[in-house]
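See structure below.
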Amino acid sequence: MSDFDYDLFVIGAGSGGVRAARTAAATGARVAVAEDRYLGGTCVNVGCVPKKLYSYAAHFHDAFRDGRGFGWQLPAAPEFDWATLRDNKVHEIKRLNEIYGRLLESAGVRLINGRARVADAHRVEVAGESITAAKILVAVGGWPWIPDFPGRELAVTSNEVFDLAQLPRRFLALGGGYIAVEFASIFNGLGSESHLVYRGELFLRGFDREVREFTREQMAAKGVRLHFETNVERIDKVEGGLRVTLTNGEALEVDAVLAATGRRPHVEGLGLDALGVELNGDGSVKVNERFETSVPSILALGDVTGGPELTPVALAEAMHLVQQHFADAQPAPLDYRNIATAVFCHPNIGTVGLSEEQARKQHGAIRVYRTDFRPLKHTLSGSEERCLMKLIVADDSDVVVGAHMVGEEAGELIQGIAIAVRAGLTKADFDATVGIHPTAAEEFVTMRTLSRR
Ligand code: NDP
């Protein structure tokens with residue numbers, strides 16, 4: 001046992017911090033965690049969890065309409081009550097916060113309420129206490145960032161959007177990343193007039209081009225108003241709402257603007273600069289494969305390190321970190337390739353591996369198998385919604401290097417496909433797999449016709 005008060009002091013009780021604290025404690029380490037906001041971090045409180053709940057709420061819109069073709073008659077047009085969704089969400093998150101608290105408590109981890117500051121390589125100051133630790137873990141995550149324009153203070157971020165006092169009758173999402181497309185879809189589904197404003201020619205930069213184009217068509221067909229190649233110039237308060245002036249000269253009147261223009265590492269006031277902890281060019285904390293910063297007793301993981309900003313990545317990093325620093329194991333470095341991800345726009349996107357464009361660059365000769373079709377359900381529902389599925393194969397090895405889907409429950413489906421892609425299975429393996437009928441998923445094992453090279 002060391003002379004320090006704790007073996008590990010974790011700053012931030014988000015997904016990564018809590019997982020690291022609990023698993024380190026399970027190895028016998030003495031662990032404390034400081035958190036100044038809510039247990040569970042962004043994901044539980046103002047991210048993945050409430051977002052998925054709101055996405056479910058928005059999907060009922062389609063379900064009510066689709067039901068008619070199957071014989072369901074609704075006595076009256078269904079009405080959506082924002083306050084019910086919001087308040088039920090609040091109760092559920094409170095329940096999850098309590099579970100996180102109990103998990104830490106039962107693991108023997110001390111929880112301290114306050115924003116910690118790193119005073120030196122082994123000392124943290126928090127809530128009036130000065131505490132020493134053999135290792136300090138910075139797991140403070142990120143924080144929404146809004147660009148500078150007149151009226152920026154009139155926009156909300158993902159920190160506030162879940163708790164708006166009322167459902168905005170007209171909604172605008174600024175940005176072309178995950179959060180903008182998800183919320184443009186959610187508010188559209190909830191019945192708002194929904195706009196998305198993105199500075200580039202097509203949203204979701206970095207995703208497969210065909211996936212982006214297909215998503216554009218599907219979202220537009222559902223009623224989301226897409227404004228590309230323009231940006232917000234200013235926001236002004238006007239009678240009954242907000243006037244958003246765009247750089248292309250257009251003006252839109254809405255009730256709420258969500259700035260979904262990216263997140264920044266939440267390192268302000270932590271004291272890392274004074275200690276000379278090295279940062280990356282984007283302000284994130286630089287770490288090695290053992291999650292050590294340039295001050296080796298100070299570790300960091302999750303969004304603050306600038307890697308993929310995804311909860312499962314932070315969780316995997318936490319497990320890895322604990323193995324390396326507290327379980328005396330020497331695991332191979334974490335493999336960041338083939339991390340599957342879903343975007344919960346409507347319809348959903350699920351993706352793993354390389355986009356067609358990346359595969360062409362990395363592998364040269366590739367084969368693309370793709371299909372888009374009207375799912376069986378929509379033969380009776382009357383909905384025009386279509387589904388896209390796509391496999392990208394390295395021609396020389398036959399290995400499937402990318403799988404993409406836009407359609408209902410794409411995230412659920414791609415998770416399984418991700419195992420095959422990570423395992424390096426070939427197109428011949430996919431072809432040899434007998435499908436499940438009738439599902440949309442069976443298309444992934446029945447795409448025999450080459451679409452292009
Ligand atoms: P992203 O980084 O994904 O997207 C930010 C968007 O804002 C980009 O389209 C970017 O444009 C645009 N932007 C940046 N600066 C400006 C500016 N000055 N003016 C106008 N537009 C600007 O961030 P998000 O906020 O959407 O999400 C943060 C992260 O959270 C995501 O990257 C993701 O990792 C994670 N997340 C994951 C989810 C999931 O797994 N389903 C859901 C939600 C979030 P450009 O493309 O041109 O740079």
Margin query: Looking only at the range 257-278, filter to residues that are β-branched (V, I, T) and within 16 Å of the ligand (Cβ to nearest atom); which one of those is least open to solvent (accessible area, probe 1.4 Å)?
Written below: V257
Check: Out of all the residues in the range 64-82, is one or more part of a helix (DSSP H, G or I) and closer than 29 Å to C43 by Cβ?
Finding: yes
Checklist line | Of residues in the range 299-320 being within 14 Å of the ligand (Cβ to nearest atom), modelled with pLDDT of 95 or more and in a loop (DSSP other than H, G, I, E, B), the one farthest from F207 (Cα to Cα) | finding: G306
Margin query: Going through G151, G191 one at a time, which residue ends up being open to solvent by 30 Å² or more (accessible area, probe 1.4 Å), more than 10 Å from L258 (Cα to Cα) and more than 21 Å from the chain's Cα centre (by Cα)?
Written below: G191
Notebook entry, point to check: Is it the case that some residue within the range 110-121 is open to solvent by 30 Å² or more (accessible area, probe 1.4 Å) and farther than 24 Å from V267 by Cβ?
Noted result: no
Notebook entry, point to check: When both residues are 6+ apart or on different chains and their Cβ atoms are under 9 Å apart, which pairs have a first residue that lies in the range 10-32 and is farther than 14 Å from D303 by Cα, and a second that is modelled with pLDDT under 95 and of a type in the set (S, T, Y)?
Noted result: R30/S2
Notebook entry, point to check: What is the residue count in the range 428-448 for residues that are outside any loop (DSSP other than H, G, I, E, B), open to solvent by 60 Å² or more (accessible area, probe 1.4 Å) and farther than 12 Å from L391 by Cβ?
Noted result: 1
Notebook entry, point to check: Could you list, in sequence order, the residues of the range 332-353 that are of a type in the set (A, V, I, L, M), under 18 Å from the mean Cα position of the chain (by Cα) and part of a loop (DSSP other than H, G, I, E, B)?
Noted result: I339, A340
Next item on the list: May I ask you to list the residues in the range 159-180 that are within 8 Å of the ligand (Cβ to nearest atom) and either of a type in the set (S, T, Y) or under 14 Å from R199 (Cβ atoms) (or both)?
Entry: L174, G175, G176, G177, Y178, A180
Notebook entry, point to check: Just one of V285, V254, V295, V244 is closer than 20 Å to E160 by Cα, open to solvent by less than 30 Å² (accessible area, probe 1.4 Å) and away from the ligand (no atom under 15 Å from the Cβ); which is it?
Noted result: V254
Margin query: I'd like the full set of residues that are acidic (D, E) and open to solvent by 40 Å² or more (accessible area, probe 1.4 Å), limited to the range 369-422.
Written below: D372, E384, D395, D396, E408, E409, E412
Next item on the list: Could you list all residues from the range 159-174 that are assigned to a loop (DSSP other than H, G, I, E, B) and open to solvent by 10 Å² or more (accessible area, probe 1.4 Å)?
Entry: N159, E160, L164, A165, Q166, L167, R169
Checklist line | Filtered residues of the range 15-56 (kept if part of a loop (DSSP other than H, G, I, E, B), of a type outside the set (A, V, I, L, M, F, W, C), open to solvent by 10 Å² or more (accessible area, probe 1.4 Å) and in contact with a helix residue (DSSP H, G or I) (Cβ under 7 Å, 6 or more places away or on another chain)) | finding: T27, Y38
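The values are calculated or read from the model by the stated rules, or taken from the named source; none is laboratory data. Remember, predicted model here, so these are calculated numbers, not experimental data. Reconstructed Cβ throughout: ideal geometry from the backbone, glycine too, with neighbour counts over all protein chains shown. The accessibility values were calculated without ligands, DNA or RNA, using every heavy atom of the protein model including side chains. Shrake-Rupley method; radii C 1.70, N 1.55, O 1.52, S 1.80 Å.
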